[in-house]
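The values are calculated or read from the model by the stated rules, or taken from the named source; none is laboratory data. All of these numbers come straight from a predicted model, not from anything done at the bench. When we count neighbours, we look across all protein chains shown, and the Cβ atoms used for this are built from the backbone with ideal geometry, even at glycine.
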Amino acid sequence: MPNTEIPKLEDYSPRSLDHFFLSIKASYDKEEAQCGGIPEKIEELRIRWVGRKQGHLKSIVETCLKTAPAEVKSALGVRFNQLKVHIDQALAMASSDATILSTGYTTVRAASRTADSIDITLPGIRPGLGVEHPLVRTMNEIVGIFQRMGYSVGVGPEVETDYYNFEALNFPPDHPARDTQDTLVVAKQEHKSLRDRLLLRTHTSPVQIRTMERQPPPIRIVIPGKVHRNDAADATHSPIFHQVEGLCVDENITFSDLKGTLDHAMKELFGSSVKTRFFPSFFPFTEPSADVQISCIFCGGKGCRKCKHSGWIELLGCGMVDPVVFDSVRGKQPGYDPKKISGFAFGMGVDRIAMMKYGISDIGLLYSGDMRFLEQFA
Amino acid sequence: MKILSNWLRAYLPALKVSDRQLADDLTLRGIAVEGVFDLGSSNGSLFEMDITTNRVDAMNHYGIAREAAAIYDIPLLPLEASLPAARPAKRPFPVRIDAQDLCGRFTARVLRNVKIAPSSGEIVERFQLLEQKLIGNAVDATNFVTMAMGHPTHAFDLDKVEGAILVRRAKAGERLRLLDGTERTLVADDLVVSDEQKALALAGVMGGWDTMITPATKNILVEAAWFDPGSVRRSSRRHGLHTDASHRFERGADFAAPPIASALVSRLILAAGGEIEGELVDVVVPEFAARTIARPPISLAVGEVTRILGKTVEDQPIDAATMERYLTALGCGIQPTSGGPYTVTLPSWRLDLEREIDLIEEVARLHGYNRFSNTLPNFAGSVVELPWAAKEKMLRGKLLAAGYAEAISSTFCSATEAVTFAPQPNSYVPLGNPLSEEVGCLRSSLVPGMLTMLAHNLNREVDDLKLFEMGTIFTGNTDRVQERPSLVLGATGAAIAPHAHAEGRAYTFFDMKGVAEELLAGFVTKSSYFDTFPAASGLMPQWLYSGRAARLVADGETIGFFGQLAPQEARQRKLRQAVFVGEFDLERLYRHALREPAARELSRFPAVVRDFSFTFPDAVQWRQISSALLGLAIAEMSSMQSMEIFRGGETVSLPPGHYSILVRTVFQAQDRTLRDEEVQGWWERIIEAVRSLGGVLRS
Ligand SMILES: [Zn+2]
């Protein structure tokens, strides 16, 4: 057994302290090197240095730390801890199994079966990362698909005027959507003309108008955003939900282009084997208008409970931009002449897509901040 | 709406496809069959339909049969509306339309000596399959005709009608008892069918009680009319009466239909006995005729069809012959003009067709959307990122890495919350029709939503939480609403949860401060600091715990407030443990540029670490100590940190009102190994600076 030389601590000046601890450290390093990696010798080394009864560290505590004057104790303590961390880590590395885990300035012996082997089946120490919200994740995924197809991102206000939310999008004045039963409105709007009344946008489509008013064709934007409707909450309805909308305007944009674009996007989102199907539908601001179904992502189209045994799931609405929508922005941007340009628009519910992708049965969970729900998306 | 396949087939003798195929083909053309139910061998199928609101013409059997005829290019039988010869009348039944702006057409036919009896034959069979209630032959006849061709009609007990029929505006306050037994008080904007004494029916919405058909009815007046869609919609809304008739009239009925509907109803009633008296009285308002049945043709260019629709899966544009066939089958009249566009006359039952694009849509629809090819448009132009997208992404990335979960809370809050948390006094926006009072305002802050979410979790025994939300807050007033992007942090419980290998640690103010520092470090700022004010100053939000909260200021602007939640707020929300919350103004933060990383040369020379242990009176804050040390401007001091703070204990005793702090300094030069004398010199200057603050060196 080598005879360790523990030097004397002359005084408590920083220089003496440094010298004292550095020379102890050097002694340890030298002894460890002499062990040659032989487990029995390393075990002896371990007992000699950190043994609970007569280890050197123990005696340094007894002889130096406890007897030191109060005002130097903290400086001593810091250096002692550094030494201890060094020795602990070195020992851990020297043994074939790390028997000691070091956490900063305090070391904790892992709950172990024997001194030399740790219970590796104990849980690891997870660093505790945050969790992306499933709606944000889904929205980013959808937006990313269109960005890769050359779309810029557009956004707009959540409180809109009747003009941008309805009138410019060709909703007639008495359209049911304009009713307060469907739309949440800001208080005290009665004294204003209908078009100036403020409401919570019911869709992200007003951003189409705002963008076209600002920017001449060609346009390719994708619009993610929060929207609201006067809906009582249940498992599938929420007064708050999210949409991603898109608009593409240029010369020679056709219905075929709309079909191809959405078919491509759905394949990106749900996998290349997904098929799309287009049905005539009706929206005030598009014509022709279509509803789009994708082949069921759960059964591949054979029919299951999720697709009501049809093999198809309805996912989005779209259509060619109605000429009257172009007319409504021509005052500000004469380039939107419906005889020269054409375009398509589409919109999808992010909540529904997220619920489908992740098997979420209650839309309310998305807006609850419930940690038990959120941590599933880690 | 329910449709019988066999009823459709009665109009389409040449239809060969199966019911299921028919349902699929209709659906793909926008006449959506949501469900197909087998009714047994000879009964065909029941189709559950979902017809879009613009296609009122297809909300009946004949209209759907017309679509099928167009799809398969097969003949559609005309409606059988022949009637027995009428007994001459002394004079035509008097009908007058007073409200010529609300009623476009009114037909009246008098049936005498009818026999009110249960329906029989075809009506009974079809009603039973449709689960439609049978009432009696006259009322069943009107319902049957609505289902057959979509035009609502009404049968009045003629003996209860006093004098002429007048279609007029109601008198304000006029009362009318309707068929549902309710008595309604009318306003001057309600259109009524009346006689010379009283209102008989709320036009286009519901008939009246007094003139309803009873088993004793002997003589009937059959009404088949066309009412202004807007008028019907207003009355229907006003009185909360959404009826099958109002549903159809308010979407635009067929102006040409009343005489045919009248004939069909009369035929069915007369089957049980009775006779017609006089010819059909048919009053037409020319202005409405000009807008409907006689509206001008529109032009359609083949080139436009291709420009909008593109090519079919055969890589061809839709050819002229195909286009002509589709439009003709839908009831359009097509006159080609040499070389130019077509002139297209429009069917009276399709008021939704008004423009060229409407016809293009019809061509696409009948061809089948899925028979157009999938192409991708060429792209020219550049992609523009939102100016703050990268900043938002950086913040989100840092928060996720720091262990915060993203949450999304309600956009709404109560008026009390809006007032309490608004960044400026009384700057918040109430809603006109909130879902409930607790959500009566737009959120003026993200804090109440965060507190609700923290409480939600704590109430479910989830005690260790780190959440954030990024969203819009709304300030201003009901005339001008300002929207600002905001970030809220909320945390409670353990910052590090205890586990098998180490003890846990509670979340503190300094955890949140650290996050604020990390977030701010992502931006370029000239100067930033944290400060705090006493509660009485009014400079700190009242929802924060006075003395345990701080303000973050960057380049002279307040970026946000954070700290422990005020006890009164915590109590009110029954939060049973300390909660930390902070809100940051992202609009202000986003005004700063993102910090671009820049690498510096790493020194090849050794660093020297020096620790100092000082005792300070409590009044001296770290900010003063650090600025005193930094103020020395020692270029070689590469870092300076507070390592340990204690206020006395078992091993160390301190004078009361004092604390001890261990400061670690690191010295390093780029160009040389530091000499002991140099370090010693700095050491002395540091001690001197600390002494001037009232500090005492302890070692
Ligand atoms: Zn399925």
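When residues of the stretch A:356-366 are filtered for being surrounded by 20 or more Cβ atoms within 10 Å (Cβ to Cβ) and either within 15 Å of the chain's Cα centre (by Cα) or away from chain B (no Cβ under 14 Å) (or both), how many remain?
1
Given the criteria of a type in the set (D, E, K, R) and out of contact with any strand residue (DSSP E or B) (no Cβ under 8 Å at 6 or more places or on another chain), does residue B:80 qualify? I'd like the intermediate steps shown before the answer.
Details: of a type in the set (D, E, K, R): yes; out of contact with any strand residue (DSSP E or B) (no Cβ under 8 Å at 6 or more places or on another chain): yes.
Yes, satisfied.
Working only within the stretch B:402-436, note down all residues that are more than 7 Å from chain A (Cβ to nearest Cβ), crowded, with 18+ Cβ neighbours inside 10 Å and under 19 Å from residue B:584 (Cα atoms). So that I can check it myself, show each step before the final result.
So the first thing to find is which residues in the stretch B:402-436 are more than 7 Å from chain A (Cβ to nearest Cβ), and the list is B:412-428, B:434, B:436.
The next check asks that each one be crowded, with 18+ Cβ neighbours inside 10 Å; those that pass are B:412-413, B:417-418, B:420-423, B:428, B:434.
Scanning the stretch B:402-436 gives B:412, B:413, B:417, B:418, B:420, B:421, B:422, B:423, B:428.
Can you tell me which condition residue A:273 does not meet? The list is (1) within 14 Å of another protein chain (Cβ to nearest Cβ); (2) within 16 Å of the ligand (Cβ to nearest atom), and all the others hold.
With (1) within 14 Å of another protein chain (Cβ to nearest Cβ); (2) within 16 Å of the ligand (Cβ to nearest atom) applied to residue A:273, the lone miss is (1).
Name the residue that is farthest from the ligand (Cβ to nearest atom), counting only residues in the stretch A:314-326 that are surrounded by 22 or more Cβ atoms within 10 Å (Cβ to Cβ) and not acidic (Asp, Glu). Give the derivation first.
Going through the stretch A:314-326, the residues surrounded by 22 or more Cβ atoms within 10 Å (Cβ to Cβ) turn out to be A:316, A:318-322, A:325-326.
Now drop any that are not not acidic (Asp, Glu), which leaves A:316, A:318-321, A:325-326.
On the way: A:316: 18, A:318: 22, A:319: 26, A:320: 30, A:321: 32, A:325: 35, A:326: 39 Å.
Here the residue is A:326.
Run residue B:495 past the list (1) assigned to a loop (DSSP other than H, G, I, E, B); (2) within 10 Å of another protein chain (Cβ to nearest Cβ); (3) in contact with a strand residue (DSSP E or B) (Cβ under 6 Å, 6 or more places away or on another chain) and report the number of the one that doesn't hold.
Here residue B:495 clears every test but (1).
Looking at (1) of a type outside the set (Val, Ile, Thr); (2) farther than 24 Å from residue B:24 by Cβ; (3) under 33 Å from the mean Cα position of the chain (by Cα), find the lone condition where residue A:342 falls short.
For residue A:342, the exception is condition (3).
Residue-wise test of (1) assigned to a helix (DSSP H, G or I); (2) assigned by TED's automatic domain parsing to the domain that holds residue A:213.
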{"site": "A:126", "(1), (2)": "no, no"}
{"site": "A:145", "(1), (2)": "yes, yes"}
{"site": "A:155", "(1), (2)": "no, yes"}
{"site": "A:163", "(1), (2)": "yes, yes"}
{"site": "A:173", "(1), (2)": "no, yes"}
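Could you look through the stretch A:327-342, keep only residues that are under 20 Å from residue A:258 (Cβ atoms) and in contact (Cβ under 8 Å) with a residue 40 or more places away in the chain, and pick out the one that is farthest from the ligand (Cβ to nearest atom)?
In this case the residue turns out to be A:340.
State which residue pairs qualify: first residue in a strand (DSSP E or B) and inside the stretch B:39-67, second residue among the acidic types (Asp, Glu) in any location, beta carbons under 7 Å apart, and separation of 6 or more residues or different chains.
B:45/B:19; B:45/B:38; B:48/B:34; B:49/B:34; B:50/B:34
So which residues in the stretch A:230-270 are at pLDDT 95 or above and assigned to a loop (DSSP other than H, G, I, E, B), if there are any at all?
Across the stretch A:230-270, the qualifying residues are A:253, A:254.
Give just the number: which of (1) facing another protein chain (nearest Cβ under 9 Å); (2) part of a loop (DSSP other than H, G, I, E, B); (3) crowded, with 18+ Cβ neighbours inside 10 Å does residue B:399 not satisfy?
Single failed check for residue B:399: (2).
Take the stretch B:511-527 and flag every residue that is among the hydrophobic types (A, V, I, L, M, F, W, C) and over 18 Å from residue B:401 (Cβ atoms). It would help to see each step written out before you state the result.
Step one: list which residues in the stretch B:511-527 are among the hydrophobic types (A, V, I, L, M, F, W, C), which gives B:512, B:515-516, B:519-521, B:523-524.
Selection gives B:524 alone.
Evaluate the stretch A:295-313: report whether one residue or more is within 30 Å of residue A:167 (Cβ to Cβ) and either within 16 Å of the ligand (Cβ to nearest atom) or part of a strand (DSSP E or B) (or both).
First pass over the stretch A:295-313, keeping only residues within 30 Å of residue A:167 (Cβ to Cβ): none.
Among the residues of the stretch A:295-313, not one is within 30 Å of residue A:167 (Cβ to Cβ) and either within 16 Å of the ligand (Cβ to nearest atom) or part of a strand (DSSP E or B) (or both), which makes the answer no.
Restricting to the stretch B:368-392, name every residue that is more than 7 Å from chain A (Cβ to nearest Cβ), modelled with pLDDT under 95 and part of a helix (DSSP H, G or I).
Within the stretch B:368-392, B:390 is the sole residue that qualifies.
For the stretch A:138-171, what are the residues that are away from chain B (no Cβ under 11 Å) and at positive phi?
At the first step, the residues of the stretch A:138-171 found to be away from chain B (no Cβ under 11 Å) are A:138, A:141-142, A:144-145, A:162-171.
Selection gives A:170 alone.
Please find, among B:26, B:22, the residue that is under 22 Å from residue B:78 (Cα atoms), within 14 Å of another protein chain (Cβ to nearest Cβ) and not in a strand (DSSP E or B). Lay out the reasoning, then the answer.
Details: B:22 fails: within 14 Å of another protein chain (Cβ to nearest Cβ).
Result: B:26 is the single residue among B:26, B:22 that is under 22 Å from residue B:78 (Cα atoms), within 14 Å of another protein chain (Cβ to nearest Cβ) and not in a strand (DSSP E or B).
So residue B:281 fits all but one of (1) touching a Pro at 6+ places or on another chain (Cβ under 8 Å); (2) assigned to a helix (DSSP H, G or I); (3) not hydroxyl-bearing (Ser, Thr, Tyr); what number is the exception?
(2)
Farther than 29 Å from residue A:209 by Cα and either in contact (Cβ under 8 Å) with a residue 40 or more places away in the chain or within 16 Å of the ligand (Cβ to nearest atom) (or both): does that describe residue A:253? Break it down stepwise before answering.
On the way: farther than 29 Å from residue A:209 by Cα: no; either in contact (Cβ under 8 Å) with a residue 40 or more places away in the chain or within 16 Å of the ligand (Cβ to nearest atom) (or both): yes.
Answer is no for this residue.
Look through A:211, A:138, A:204 and report the one residue that is assigned to a loop (DSSP other than H, G, I, E, B), crowded, with 19+ Cβ neighbours inside 10 Å, in the same structural domain as residue A:358 (by TED's automatic domain parsing) and polar (S, T, N, Q). Full working, then the answer.
Values: A:211 fails: assigned to a loop (DSSP other than H, G, I, E, B); A:138 fails: assigned to a loop (DSSP other than H, G, I, E, B).
Only one candidate qualifies: A:204.
Does residue A:85 qualify as being free of Cβ contacts under 8 Å to residues at least 40 places away in the same chain, assigned to a helix (DSSP H, G or I) and buried (at least 16 other Cβ atoms within 10 Å of the Cβ)? Steps first, answer last, please.
Working: free of Cβ contacts under 8 Å to residues at least 40 places away in the same chain: yes; assigned to a helix (DSSP H, G or I): yes; buried (at least 16 other Cβ atoms within 10 Å of the Cβ): yes.
Against the criterion (free of Cβ contacts under 8 Å to residues at least 40 places away in the same chain, assigned to a helix (DSSP H, G or I) and buried (at least 16 other Cβ atoms within 10 Å of the Cβ)), residue A:85 qualifies.
Are any residues in the stretch A:240-265 under 23 Å from the mean Cα position of the chain (by Cα) and within 11 Å of chain B (Cβ to nearest Cβ), and if so, which ones?
Step one: of the stretch A:240-265, the residues under 23 Å from the mean Cα position of the chain (by Cα) are A:240-246, A:265.
The answer is A:240, A:241, A:242, A:265.
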